[in-house]
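Below you'll find the structure, written out as structure tokens, and then a few comments.
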Amino acid sequence: MGKNNFSVKWDIEPNCNLKCRHCMMADIKYEQALSVKENKVIARKLIDAGADRIVFQSMEPLMYVEIYKLISYCASRGTLTGLITNGTLLSESLINKLLDARLGYMIISLEGISPKTNDYIRGEGSFNKVLKNIHILQDILDKTDRLLYMILEYNLTSVNREEVNLMFDFFDELPFDVISIGEIVNFGRATENKDIKLRRDNILNTYIDIYSNYYKKKRNYILNTKGLTPYEIVYLNTFYNTDIPFYVVSCSVRNGNALSVSSDGVARVCTILNESKLCGSMELCDLKRTEIFDMKKEYYKVRNEIDLMSSTENRENCIECRHYIECTFCPAADEETHIEARKNCNSARKRIAKNLDDILESKEGVISFSKGVYLEELDNNLYVCRLYKDNNITKTMISIEYKPLLLEMYNDKEYIPIDKYNSKEYIALLKDLIMLDCIIYGNQ
């Protein structure tokens with residue numbers, strides 16, 4: 001996104017045809033949806049203000065009559081459009097209209113790879129309906145020259161945990177570009193069905209199984225995981241060579257680069273946060289009555305509320321972390337979720353340090369720089385950088401005292417015996433490089 005651009009999550013339709021056990025939006029009530037004509041006016045105001053991505057989502061956007069007309073309008077203005085759907089209402093006719101409207105991407109959700117696991121969460125018959133519609137979509141794309149970027153969202157649950165070792169064979173038969181795996185958030189209807197949430201202390205082992213299976217053969221899709229904390233990613237990449245794109249959890253509310261629009265045309269910083277009652281109103285303005293929308297001006301109306309949430313968050317265990325400032329979990333998630341996630345991240349960081357101490361003591365194994373790592377010199381400073389497969393780049397300046405050693409290690413052969421450089425400087429540098437997700441350890 002450009003300097004003044006922002007993205008929009010548009011809850012275009014107040015109704016849904018399913019009653020999923022984990023739905024975050026289940027208790028949110030809006031007025032009746034606006035007409036296509038009224039929503040085109042709102043879309044114009046948003047795009048004029050800098051909206052370069054508009055995603056039509058909750059409740060079920062395909063229940064909105066003639067949504068393809070609104071998508072077509074946004075696309076004609078040069079705005080990327082996305083659609084998040086449960087997939088049950090897709091049909092050959094509707095798919096063709098969405099493609100003709102130049103929909104940019106579609107996200108379809110499943111909660112299992114069988115009727116038993118998926119339908120327990122989403123309702124009886126939903127699995128077969130979605131699979132049928134996905135194959136209709138695939139057939140249309142195969143027979144035409146039209147393109148659609150497709151993402152499958154899949155939540156790990158206590159119900160589908162046992163399918164982890166089988167799910168990639170299932171995904172291989174589907175036409176998705178990305179498989180995005182996440183976790184259930186304790187909000188909305190999920191608070192009434194806590195039995196479906198996978199225990200957080202089982203997450204790391206679950207992802208080890210997931211990536212072990214994913215790398216067994218070449219796949220035609222990217223695997224994206226949303227449920228891991230920063231040091232859980234580093235742990236898996238270093239000791240299991242998983243090559244997970246590194247990310248720091250970051251809330252768009254605090255970053256000020258996204259907003260939500262409800263079906264009645266009201267703009268809010270975040271729908272979920274507004275309903276959580278954890279803070280004052282997150283409402284910005286009624287777009288039906290606002291002639292010119294100024295994102296920056298409206299956002300600063302609620303800046304104090306956002307800063308107050310940040311200042312009261314308990315992050316004692318995170319003070320030593322290099323990502324302390326930028327790492328911001330969703331403030332709407334319950335305190336138990338925050339505590340659990342930070343505990344697991346801190347535990348992974350300690351596990352990394354313990355593994356390295358054990359390895360250095362044993363003097364067994366080899367290290368190598370991770371895929372995509374390169375060095376960059378700028379103004380006599382040396383930076384270690386890593387380009388991930390999702391094109392994200394991390395860049396960190398290395399202390400000047402480590403520069404000669406780092407250059408020597410980088411220019412060394414591909415596999416470096418763990419005990420080749422036996423010095424305090426080497427151990428300190430190696431710890432830094434591992435924590436920066438730039439080193440792979442192997443036994444051979």
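Given the structure, is Ala75 over 25 Å from Gln138 (Cβ atoms), of a type in the set (Gly, Ala, Ser) and in the same structural domain as Ser109 (by TED's automatic domain parsing)? Lay out the reasoning, then the answer.
Values: over 25 Å from Gln138 (Cβ atoms): no; of a type in the set (Gly, Ala, Ser): yes; in the same structural domain as Ser109 (by TED's automatic domain parsing): yes.
So Ala75 fails the test.
What's the total number of residues in the range 89-127 that are aromatic (Phe, Trp, Tyr) and under 12 Å from Leu18 (Cβ atoms)?
Within the range 89-127, the first condition is being aromatic (Phe, Trp, Tyr), and the residues that meet it are 105, 120, 127.
Now narrow it down to the ones that are under 12 Å from Leu18 (Cβ atoms): 127.
Within the range 89-127, residues that are aromatic (Phe, Trp, Tyr) and under 12 Å from Leu18 (Cβ atoms) number 1.
Of the residues in the range 22-44, how many are in a loop (DSSP other than H, G, I, E, B) and not basic (Lys, Arg)?
Count: 13.
So, in the range 222-257, how many residues would count as being without any contact (Cβ under 8 Å) to a residue 60 or more places away in the chain and surrounded by 17 or more Cβ atoms within 10 Å (Cβ to Cβ)?
Number of matching residues: 6.
Every residue, every condition in (1) in a helix (DSSP H, G or I); (2) under 18 Å from Asn96 (Cα atoms); (3) outside the structural domain of Asn186 (by TED's automatic domain parsing); (4) touching a residue at least 12 places away in the same chain (Cβ under 8 Å), yes or no:
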| residue | (1), (2), (3), (4) |
| --- | --- |
| Ile121 | yes, no, no, yes |
| Leu131 | yes, yes, no, no |
| Leu152 | no, no, no, yes |
| Leu156 | no, no, no, yes |
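Any residue that is modelled with pLDDT of 85 or more, assigned to a strand (DSSP E or B) and on the phi < 0 side of the Ramachandran plot - is there at least one of those in the range 286-294?
Within the range 286-294, one or more residues are modelled with pLDDT of 85 or more, assigned to a strand (DSSP E or B) and on the phi < 0 side of the Ramachandran plot.
For the range 345-374, what are the residues that are outside any helix (DSSP H, G or I) and out of contact with any Leu (no Cβ under 6 Å at 6 or more places or on another chain)? So that I can check it myself, show each step before the final result.
Step one: filter the range 345-374 for residues outside any helix (DSSP H, G or I), giving 363-374.
Matches in the range 345-374: Lys363, Glu364, Gly365, Val366, Ile367, Ser368, Phe369, Ser370, Lys371, Val373, Tyr374.
Suppose the filter is within 26 Å of Lys424 (Cβ to Cβ) and assigned to a loop (DSSP other than H, G, I, E, B); does Asp412 pass it?
Values: within 26 Å of Lys424 (Cβ to Cβ): yes; assigned to a loop (DSSP other than H, G, I, E, B): yes.
In short, yes.
Consider the range 130-161. How many of its residues are among the aromatic types (Phe, Trp, Tyr) and surrounded by fewer than 18 Cβ atoms within 10 Å (Cβ to Cβ)? Walk me through it before giving the result.
Restricting attention to the range 130-161, the residues satisfying the condition of being among the aromatic types (Phe, Trp, Tyr) are 149, 154.
Going one step further and asking which of them are surrounded by fewer than 18 Cβ atoms within 10 Å (Cβ to Cβ), we end up with 149.
Residues meeting the conditions: 1.
Which ones in the range 118-129 are crowded, with 21+ Cβ neighbours inside 10 Å and of a type outside the set (Lys, Arg)? Steps first, please.
Start the filter on the range 118-129 by keeping residues that are crowded, with 21+ Cβ neighbours inside 10 Å, which leaves 118, 121-122, 126-127.
Asn118, Ile121, Ser126, Phe127, listed by residue number.
Please work out which one of (1) without any contact (Cβ under 8 Å) to a residue 40 or more places away in the chain; (2) surrounded by 12 or more Cβ atoms within 10 Å (Cβ to Cβ); (3) farther than 27 Å from Ile222 by Cα is the condition Ile400 fails and give its number.
(2)
Identify, by number, the condition in (1) over 30 Å from Asp169 (Cβ atoms); (2) touching a residue at least 12 places away in the same chain (Cβ under 8 Å); (3) surrounded by fewer than 17 Cβ atoms within 10 Å (Cβ to Cβ); (4) not aliphatic (A, V, I, L, M) that Pro61 doesn't meet.
Every condition holds for Pro61 apart from (3).
The conditions are (1) touching an Asp or Glu at 6+ places or on another chain (Cβ under 7 Å); (2) over 17 Å from Lys371 (Cα atoms); (3) of a type outside the set (Lys, Arg), and Tyr421 fails exactly one of them. Which is it?
Every listed condition holds for Tyr421 apart from (1).
Just name the residue that is nearest to the chain's Cα centre (by Cα) out of those in the range 158-187 that are of a type in the set (D, E, K, R) and not in a helix (DSSP H, G or I).
Applying the filter and picking the extreme gives Glu183.
Residue under question is Glu305, and the condition is that it be modelled with pLDDT under 75, out of contact with any His (no Cβ under 6 Å at 6 or more places or on another chain) and either surrounded by 14 or more Cβ atoms within 10 Å (Cβ to Cβ) or not assigned by TED's automatic domain parsing to the domain that holds Asn186 (or both); does it hold? Walk me through how you get there before you give the answer.
Details: modelled with pLDDT under 75: yes; out of contact with any His (no Cβ under 6 Å at 6 or more places or on another chain): yes; either surrounded by 14 or more Cβ atoms within 10 Å (Cβ to Cβ) or not assigned by TED's automatic domain parsing to the domain that holds Asn186 (or both): yes.
So Glu305 fits the description; yes.
So which residues in the range 45-88 are outside any strand (DSSP E or B), closer than 22 Å to Gln32 by Cβ and aliphatic (A, V, I, L, M)?
Matches in the range 45-88: Leu46, Met59, Leu62, Met63, Val65, Ile67, Leu70, Ile71.
For the condition farther than 22 Å from Pro245 by Cα, basic (Lys, Arg), out of contact with any strand residue (DSSP E or B) (no Cβ under 6 Å at 6 or more places or on another chain) and surrounded by fewer than 14 Cβ atoms within 10 Å (Cβ to Cβ), what is the one hit in Lys389, Lys363, Lys350?
Values: Lys389 fails: farther than 22 Å from Pro245 by Cα; Lys350 fails: farther than 22 Å from Pro245 by Cα.
Result: Lys363 is the single residue among Lys389, Lys363, Lys350 that is farther than 22 Å from Pro245 by Cα, basic (Lys, Arg), out of contact with any strand residue (DSSP E or B) (no Cβ under 6 Å at 6 or more places or on another chain) and surrounded by fewer than 14 Cβ atoms within 10 Å (Cβ to Cβ).
Within the range 8-21, can one find any residue that is assigned to a helix (DSSP H, G or I), touching a strand residue (DSSP E or B) at 6+ places or on another chain (Cβ under 7 Å) and within 23 Å of Ile108 (Cβ to Cβ)? Quick ask: steps written out before the conclusion?
The first filter runs over the range 8-21 and keeps only residues assigned to a helix (DSSP H, G or I), leaving none.
Within the range 8-21, not a single residue is assigned to a helix (DSSP H, G or I), touching a strand residue (DSSP E or B) at 6+ places or on another chain (Cβ under 7 Å) and within 23 Å of Ile108 (Cβ to Cβ).
How many residues does the range 85-112 contain that are within 24 Å of the chain's Cα centre (by Cα), of a type in the set (A, V, I, L, M) and surrounded by fewer than 21 Cβ atoms within 10 Å (Cβ to Cβ)?
1
The values are calculated or read from the model by the stated rules, or taken from the named source; none is laboratory data. This is a predicted model, so every value here is computed, not measured. As a convention, Cβ positions derive from the backbone with ideal geometry for all residues, glycine included, and neighbour counts pool all protein chains shown.
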